[in-house]
Each structure stands twice: as structure tokens, then as C-alpha cells.
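One structure below.
The values are calculated or read from the model by the stated rules, or taken from the named source; none is laboratory data. If you're wondering where the values come from, they're calculated on a predicted model, not measured in any experiment. For neighbour counting, all protein chains shown are included, and Cβ atoms are generated from backbone atoms with ideal geometry for every residue, glycine included.
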Amino acid sequence: MSGGMLYGGDEIGALVFDPGHYSLRVGYAQEDTPKAEIPAVVGVAPDDSIKLEAEVKPDDSNVSSRPSQYKFYIDTTYLHVPRPNMELHNYMKEGMIENWDMFEKILDYSYDKIIQSEPQYHPVLFSESPWNQRHKREKLTELMFEKYKVPAFFLVKNAALAAFANGRATALVIDSGATHTSAVPVLDGYVISNAVVKSPLGGEYLILRAREMLDAMGIDLTPAALIAAKDVVRDKDKPRFTKKKLNFQPSNSWMTYMLKRTVQDFQQSVLQVAECPYDDRMVANIPAVHYEFPCGYHQDFGSERFKIAEALFDHAMLGAGHIAATSAGMCDVDIRPALYSSVVVTGGNSLVQGFSDRLSRDLQSRTPGSMKLKMIAANGTVERRFGAWVGGSILASIGTFQQMWMSMQEYQESGKAQIDRKCP
Amino acid sequence: MADVRDIMEIERASTPELTRESIIGSDKPKKKFPAGPKPPRRPEGMHREVFALLYHDNKNVPPLFPSDTAGNGYKQTKIKLGMRRPRKWKWMPFTNPARNDNATFYHWRRPSDEPKEYPFAKFNKKVGIPTYTDVEYQQQLTCDTWSKEETDHLMDLAQRFDLRFIIMADRYDVGKFQKRSVEELKDRYYKVHGILAKLNGEKKIYTYDPDHERKRKEQLNKLYERTPEQIEEEQFLLIELKKIDARKKERERKTQDLQKLISQADSQNDTPRKTDKKIPKKKVPNPSRPFKVDTNHILQAVETAGIKFPDYKNSGVSLRSQRMKLPANVGQKKSKGIEQLLQDLGLDMNPTPTEEICQHFNELRSDMVLLMEIKAALSTCDYELQSLRHQYEALAPGKTLVIPPQLLNTDHETKTAPGEIIDVVGSPSTPLNT
């Protein structure tokens, strides 16, 4: 509390969780980056009762009352290793938590390995998607209070947090994540839920498109985890590599996941959104990008990079610019100028090269002429990817926020339904 | 610097002489500082670096070298490394009076600090939402379109969202009640508020006009929903309007000028001046001008529009040539025109100022000015006639406007400018001279 009242901050050791479809961000409030980013995927494999590895997350199976015949593999290091019969499960669906058992495993892991402290000492702030359902909010509240015995709990819509992270209480938040791109108007820190517009075009969609293209080109996409050795080959030559010798066949879900990660790397390093609607001639002038796949194959990518990324914008109804304009158009006329004057861009997928430029351009063409349009996009990768988490970190460490928590006492008095009143 | 000046041969400003004072500084400390605005003080506890970020305007640029050497100089700049132990920080529980459960949280605090009320509790401000009892509601607040439950819900939302009506409309329980617009909510809320305020004898009562608001928002919406083409069109129309206005003004000005000529002609006709009798004489020195008797009165009128030479009757002794001087109010353009015409006629610029010559010369020049003015009037009339014709043809394509030949101005007619005066005066039936 150095500086005390001056900065308005008061840190009470709160934790911030920001679950997303791609990963869960965990960390202490008042820090500028999450302590860990855990993929939102849990690997489940039958326990062979040969307990030799210490790396495996010990599961507190007495809580979930499940016979401990499964082992759970969490976090990148464990996930990216092929294991016999390991199936991967994503516990998120449409930006909401779907598989609660798996989610508990992740939470256990976070407290155990990341936070390394007892949950009952730390108030917890969770982010949620703007369209989260009431029963899911209540379920989460119940879980946190009943299982983890947190002293206090709070739920905030991630769009509001992203706006806070960019220093705004009123903003039009364009959040382009793994599965969705959404436009969410935030007014004074409250999400206007009736004006939320989302489109299913996100990082996953780009990966899908990129994979289709790479498959069509006949490029070998063997993930790095399965490659034992590879030789240097010339541009566009057939790759020469040896696969790891496995005495089992990795599960389909694992292969799919690893392929996705491989293509994701390609997507992140190669794709670019053209500044204006795709045009062959214009694109021809932009230098190609060289990319080498894990198998050793490499080549230049020219117009392909633009063609794929263009999908984020060229859909008539689903393009990012269009949903932003639609969302603003659904709000009260009086607040539209305020929304247009702070359009916050956040989410990992917005880091595709040229995304914000194009969005700005698209939106400009849809903005009423007299309206001032201002785009706010954090420059740093961390700030952009973890926008909601950073906002949560700020919010949970503000002195005046400490009266907002739903405390254990309140939970015991009025039950989980209280969350709807406490956290609007 | 001095060297450069020497090379450039710029005279050197006299430098103040070096004195003991100027080097060492005067003994008495300078007390007077320019009475500028005092730089804001750093609040206690704020880090210096942070403060510097907040206040770094050029007025308070830090000095380049330590200037605070008055008094003790560098003698006591040593850090006092006391042997005191640093004060401890401790992870301590606190309760927040802004909460109505007694939840205890922990934060870092110095145990030495007095445990006082949680400092942020004072920011816990709530909007006062009026409350009512069942009886009050039954007596005063009943409304056809609003049930009590719905009103309760509205007040609850108002409390929860601190009167942010847009959010209230967004979170309105659509399952239980019908969907309401922001205006409806505001209307109902302020009505309830007003009635309750009246009951409590408050003087300030808010009124809300939902229809006006709705209309305003509708208009605002229309304003925002204009397409770029519409905006462009509006701009274009505005420019056109400006042009039309300018043209209209121009025309009015011209009509006024003409009117002036006409009215002067009329008044002169009624009360002939003494210059009247001089008109026949005028023909003598300038026979080239084709005059007609019936245009005389117009000439007179026009004469007044020419140059008015001042009378020298009461000025005592004066040179006659003085009378031939153009008055000061004759513009440069006019005098240039006169010169030009005189040259064309082969006349002397400064003829010998006999009584007669003086008189005629002045009249001649006055006529010349008049001629110029009338020519100008004619050409504008002609221009307008043409433009009207074009407009007519544009509006009614296929038709051509036949202009009576006497209205048409041809080149050779311009020479006979005085004849056109008739036209200007507005009697087109008068036969024109050629």
C-alpha cells in the first residue's frame, strides 16, 4: 500500500482467473501479466497404476469422488508429449465453461502449481463471456465457495475488463479470440448485453482455413513432438525427416490438437490481413514470407497469407467491422459517439498482422461522417492477448473495489443466486 | 560567441563588465523570484518519479546544476543514515465499512499506523432513490400502464445501477414484464420521483418530457444515419444556396442603383436646376453626341449621377483652374476612364480655364462618368437578359425565348449609350436612336 490513497490501489492478495477457449490465464491481482497461461485442454489417460512419474499432476480425487483410475495431464509441457490412450478434452464451449470436472482439475492445478497457496486466503475474481448463462455463473460461484472456500468472489464480463485495461469505462470492445469475434458495448463498466454481437470467425477458423490450404498443397504437417530428426532441404524440396519411434498410436484428439498448434504457429507467423479488400494486384507487391514447418519443409508464402486472413473481414454479415457497427447501432443514440470514440481492440486473434488497421478502415467506412472514431489497441502482445486479465488485475486491486466482492458471509446468507445481483 | 561575431563583423552588444559580484555572486541572497504561478507541491507519499511524470511542464524545468546551495552549501548533503530500524509492513486484516457484511480482508499495512477507518469507504456514494410504502403507492402512484411490481422492479434497477437508464433498460426483466424503452423508464421514474418529492414538500421537482426526448433521439438517429452521398448532397446544396444568396444581393443592389437613377430623373424633371439652360450649349462643344430632345430630362438626371463639382462662390478669391479639379470623391477608376475618353476625343487634359471652357469641360467630364455608368448598367442588364434566356431554355427545353430586337444590345449600339437610358428608365416603347 505504498503511496496509500494516492493511487487508489489497495492490494488484498486477490487472484484473477480469465478463462478463454484457448487458455486460462491465472495470476495475482496488481501484477501486470498473469502468472501462467494454461491451455484450456485437459489430457485424460487411464492410470496404469505404475506410479513412477512425478510430473503428473496429483489429483485430489477425494473431492471429485471419482475413482482415481484416470490421470490428468495439464499445461503445455505435459500435453505436448504423446502418451498412450491420452484423449484431450476442451472444457470450454462458446466462451463458457462446459465441462466442470475438467475445469476443476485445471483449478486444482492452478492453485497447486501456479499460485502455490491455499485458496481460502485469496479472494478470486473471474472473468466471463458477456453471454454467460445464469446457471453457469451460479455454478461457478458455488464451486468457488463450496469447494475452494474462497473468502470472496466476483465475476466480471471480460469485455468490461478489457475496457478497463485500456483505461476506459465506456468503450466498444472488439474481442477477437480463438472461437469468436465479438463486439461488446460497455457503458460505465456495465456491458449492454442486448447489443452484443458475435461472429464465429476467430483464430480457430483461421487455423481451419490454413489447414485446408496446407493440406491441399500437400504439405506434411507432422507436429514437432513426433519428429526425431530432420535434414536441411532446399526450398520446396521434399522434407527428409525421421519420426519418433512410438510403440503406440497417439489418440485422434491429441493428433488434432497438435496439428492445430502446428498450423497455429504457421497462422501466427505468416498470415496478414490486407489493408483494403483483397486484391491480387495489390498483394503481389508485398514481399512473401518464408516459413519452415516442423518437418523441415519450407517455402515462401505470398498471396495465400492474405487470402486466408481476408475471411475475417470479407463476410458481409460477420466481418469484424460489420459486427462492430451493428453493435454500436443497437445502442442508444446518445451513447454512440462515446462508443465510437473509444473502440478497444483486444484478444489474441487481433494480433494477426494488419488486423487493427483493417478494422479501423472498415469501421471508418461504416461510421457516420460526423462521428469521431478512435481505435484503442494496445501495442504489446501481452496486453492484447491478456487484455481481460490485465483489466481484472487492475480492478481487483483498486481500493474502492474492495466493497464489491461477494463475500463468503454473503454467500452463506443468501446463496449462489446472489451472484446475479452482486455482479451485474 | 564573441569570436563568431567578430568574424561576421557584427557589432558586439556591450557586455557587462566583469566584476567581483558577477562572478562570485552578490552577498545578499536574491529574494525576489518572478511571481509566476507556484508549482504544485508534491503530495506527501507520492514518489518523486511519479510526480515528475505528472508535472513536467516547461515552466518548472529542473535546473541543470544544483541551485539550492544557499545557506549551507554542500555541507550537509550527506544522507543521514540513522540507526533506526525500518518500520515494518504487516499483512493485516481490515474491515470495510462500505460493506454491509463484516467480511474481513487482508492487506499490507504498517502496524505503526493507527488502524483507522478504511480510507476508500468514503467513496461509497449512492444515489438517493425515493422509496414509497404500499399505502403511498395506492394513493398517489398508481398508473394504468405500470403495475406496482413493475414499478418496484424499476426502482430496484435504479438503485442497483445508480440511475444509468440505458443499463436499466438493458437489464430489464423482459421475462416478467414487457420490454420498455429508456424513455418509458425515465418517464415513469421521474413521475414517481416528482410525486414523492411533492409529498415530501421538496421544491426541486424534475420533469421529464418523453415525447420530446423521443423526437430528439429520432432526429439524432436520422442525422447519424445519413449516407455519405446525402452528406455530400447537403454540402453541395448549402454551397448552391450561398451562391443564390449572393446573386440575389447583387441583383438587388443593381435594382437599387437603377431606381436611384429613375427617381433622380423624376425629381429633376419636377424642379429643373439652373444647369438646365446650359444643356443646349453642351451640344456646341461636343456635336458628335447624338442627342434627342426628349432625353434631356434623363440627361439631367444622369448628370447628377456624374461628378458634382463643388461651388466656389463663397470661397473668396480663387483660381479658376481650381474649379476644373476633379473632386476627391471621384474614384481612381472613374478618373482613369475620363482620361481615356478625353484622349480618344483628342482633347486637352488641362484646357485653358476660361469661364466657358471651365463650365463645359466640367459638364463634359460629368457626362463621361455618366456614360460609363450607363454602359455598365446596360451590360449587366444585357447579361441578365441572356442568363434569363438561358435559364428559360434550360427549364423549358425545346423552346427558345424570342427577345424583342429593341432589347437586344449589339456592338454598334454601345456607342450610342445615352440612347439606352430610355431603356433603363423603363419605357421600352420609345424608339431607339441608332
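Listed values, structure above:
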item	result
When residues of segment A:341-355 are limited to those that are under 19 Å from the mean Cα position of the chain (by Cα) and part of a loop (DSSP other than H, G, I, E, B), the one farthest from the other protein chains (Cβ to nearest Cβ)	A:Val352
A:Ala338 being modelled with pLDDT of 90 or more and within 11 Å of chain B (Cβ to nearest Cβ)	yes
When residues of segment A:385-424 are limited to those that are assigned to a loop (DSSP other than H, G, I, E, B) and in contact with a strand residue (DSSP E or B) (Cβ under 9 Å, 6 or more places away or on another chain), the one nearest to A:Leu339 (Cα to Cα)	A:Pro424
Inter-residue pairs, beta-carbon under 8 Å, first more than 11 Å from chain B (Cβ to nearest Cβ) and in segment A:392-419, second surrounded by fewer than 22 Cβ atoms within 10 Å (Cβ to Cβ) and among the hydroxyl-bearing types (Ser, Thr, Tyr), 6+ apart	A:Ser393/A:Tyr28
Residue match in segment B:242-265 (condition: part of a loop (DSSP other than H, G, I, E, B), more than 14 Å from chain A (Cβ to nearest Cβ), over 30 Å from B:Leu163 (Cα atoms) and modelled with pLDDT under 85)	no
Hits in segment B:212-230 - residues which are within 26 Å of the chain's Cα centre (by Cα), more than 17 Å from A:Arg366 (Cβ to Cβ) and facing chain A (nearest Cβ under 7 Å)	B:Leu220
Condition met for A:Ser342 (of a type in the set (S, T, N, Q) and farther than 21 Å from A:Ala165 by Cα)	no
Qualifying residue in segment B:364-376 (condition: within 30 Å of B:Thr400 (Cα to Cα) and surrounded by 18 or more Cβ atoms within 10 Å (Cβ to Cβ))	yes
Unmet requirement for A:Arg358, which otherwise passes all of (1) among the basic types (Lys, Arg); (2) within 14 Å of chain B (Cβ to nearest Cβ); (3) in contact (Cβ under 8 Å) with a residue 60 or more places away in the chain	(2)
Total residues in segment B:162-197, condition among the hydrophobic types (A, V, I, L, M, F, W, C) and in contact with a Phe, Trp or Tyr (Cβ under 7 Å, 6 or more places away or on another chain)	5
All positions within segment B:85-135 that are touching a helix residue (DSSP H, G or I) at 6+ places or on another chain (Cβ under 7 Å), of a type outside the set (A, V, I, L, M, F, W, C) and more than 13 Å from chain A (Cβ to nearest Cβ)	B:Pro130, B:Tyr132
Test: residue in segment A:227-235 that is within 30 Å of A:Ile38 (Cα to Cα) and exposed (fewer than 11 other Cβ atoms within 10 Å of the Cβ)	yes
Matching residues in segment A:217-243 - criterion: being touching a residue at least 60 places away in the same chain (Cβ under 8 Å) and over 30 Å from A:Ser303 (Cβ atoms)	A:Ala225, A:Leu226
Residue list for segment A:304-335, restricted to those being farther than 20 Å from A:Leu161 by Cα, outside any helix (DSSP H, G or I) and within 11 Å of chain B (Cβ to nearest Cβ)	A:Asp332
Given (1) of a type outside the set (A, V, I, L, M, F, W, C); (2) more than 25 Å from A:Gly189 (Cβ to Cβ); (3) part of a helix (DSSP H, G or I), number of the condition B:Gln178 does not satisfy	(3)
Any pair with Cβ under 6 angstrom, 6 or more apart, that starts in segment B:311-332 at a residue that is over 19 Å from B:Thr352 (Cα atoms) and ends at one that is modelled with pLDDT under 75	B:Val330/B:Ile307
Matching residues, segment B:156-181, being within 15 Å of B:Lys191 (Cβ to Cβ) and either outside the structural domain of B:His193 (by TED's automatic domain parsing) or surrounded by 18 or more Cβ atoms within 10 Å (Cβ to Cβ) (or both)	B:Ala158, B:Phe165, B:Arg180
Selection within segment B:360-397 - in a helix (DSSP H, G or I) and of a type in the set (Gly, Ala, Ser)	B:Ser366, B:Ala376, B:Ala377, B:Ser379, B:Ser387, B:Ala394
Identity of the residue in segment B:182-203, surrounded by 14 or more Cβ atoms within 10 Å (Cβ to Cβ), out of contact with any Lys or Arg (no Cβ under 9 Å at 6 or more places or on another chain) and among the basic types (Lys, Arg), that ends up farthest from the other protein chains (Cβ to nearest Cβ)	B:Lys191
Residue match in segment A:363-384 (condition: at pLDDT 90 or above, assigned to a helix (DSSP H, G or I), under 24 Å from A:Asp18 (Cβ atoms) and in contact with a strand residue (DSSP E or B) (Cβ under 8 Å, 6 or more places away or on another chain))	yes
Leading residue by the ranking (farthest from A:Leu187 (Cα to Cα)) among those in segment B:159-175 that are outside any loop (DSSP other than H, G, I, E, B) and more than 9 Å from chain A (Cβ to nearest Cβ)	B:Gln159
